[in-house]
1. Heavy-atom accessible area per residue, the stretch 59-111, 1.4 Å probe: how many Å²?
2. Under the √(5λ) rule applied to the eigenvalues of the Cα gyration tensor, what semi-axes describe the equivalent ellipsoid of the stretch 103-149? Give them in Å, descending.
3. Please list, in order along the stretch 150-163, the HN-Hα scalar couplings obtained from phi with the Karplus expression 6.51 cos²θ - 1.76 cosθ + 1.60 (θ = phi - 60°), rounded to whole Hz, x for Gly and Pro.
4. Only helical DSSP H runs with n ≥ 4 go in: add -39500 (n - 2.57) per run for the chain, normalise by residue count and round the 222 nm mean residue ellipticity to 500 deg cm²/dmol.
5. Tell me which of 191, 207, 21 sits at the most positive position along the dipole axis of the chain, charges placed on C-beta atoms (Lys, Arg +1; Asp, Glu -1).
6. Given a cut-off of under 8 Å on Cα pairs at least six residues apart, what relative contact order in percent is computed for the chain?
7. Test of understanding: in a Gaussian network model of the chain with alpha carbons linked when under 10 Å, which of 91, 141, 177 would top the mean-square fluctuation ranking?
8. Stokes-Einstein diffusion coefficient for the stretch 125-244 at 10 °C in a medium of 1.306 mPa s, Rh from the Kirkwood formula over Cα pairs: what value in µm²/s?
Amino acid sequence: MKHSFRLFLISLLGSLRDLLPIILVIAFFQLIVLQQTPDNVLQLFVGLIFVVLGLTFFIFGLEQGLFPIGESMAHAFAKKGSVFWLLAFAFSLGFGTTIAEPALIAVANEASKVAAQAGVIDPSQLAMDDYANGLRYTVAFSVGVAIMLGVLRILLNWPIHYMIMSGYILVIVMTGFAPDEIIGIAYDSGGVTTSTITVPLVTALGIGLASSISGRNPMVDGFGLIAFASLLPIVFVLGYGMVI
């Protein structure tokens, strides 16, 4: 209990240190440049405390829960020796964490409104919902495939730089054929998919898997899964736009 409380205090001090530059920047421009005292100072102070505590609990939870479970499941799958179930878990992890990502939901809903205003789809609510849901499921499916591909790369020791370069070459080629309305959405989709839950779980999965396989270096082979999760949504959304 004392050890956990000590770790929590360390995380709390780390959160304060990480947020201090942001606080100083805001205070400098608010008080020195704008020369204005913000309204509801007490409310802002309370909100800042909540931000510090929220960040602390999040980081503490990652260290105590998500990272260990990701690595332990990777070790268990490697010990089990079933490539099928390992790839199935990788796909499900990518798909499940992405489909509920709030940033992706917001971007998909906004994209459907813009598409309706531009005349790309029917301006009815049903057509907008179908467009947004189709975009969300496309991105989630692409992240699932991306994590599965990244795990397969670790198993087969494929060079990541050639795969990433080939992927972006494909993105450049597809950009030339995709409709203008979908290009910006596709490129943004690569960023909104790497959520606060996906990143730690996927990273832990990669490190744990690389640690469990003989001849793999966790530092070299354990990372890179997030790069696939950012790349493949661009490819899939460009293809989605070309089909729709």
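The values are calculated or read from the model by the stated rules, or taken from the named source; none is laboratory data. As the structure is a prediction and not an experimental result, all values here were calculated from the model. Note that each Cβ is placed from the backbone with ideal geometry, even for glycine, and that neighbours are counted across all protein chains shown. Each accessible area value is taken on the protein alone, full model and side chains, heavy atoms only, with ligands, DNA and RNA left out. Shrake-Rupley method; radii C 1.70, N 1.55, O 1.52, S 1.80 Å.
1. On a per-residue basis, the stretch 59-111 sits at 52 Å².
2. In descending order, the three semi-axes are 24, 9, 8 Å.
3. With the stated coefficients, the stretch 150-163 comes to x, 5, 4, 4, 5, 5, 9, 6, 6, x, 6, 5, 5, 5 Hz.
4. Computed mean residue ellipticity for the chain: -27000 deg cm²/dmol.
5. The one lying farthest along the dipole's positive direction is 207.
6. Working: 278 pairs, mean separation 61.0, N = 244.
After rounding, I find 25 percent.
7. Evaluated over the chain, the most mobile residue of the options is 177.
8. 106
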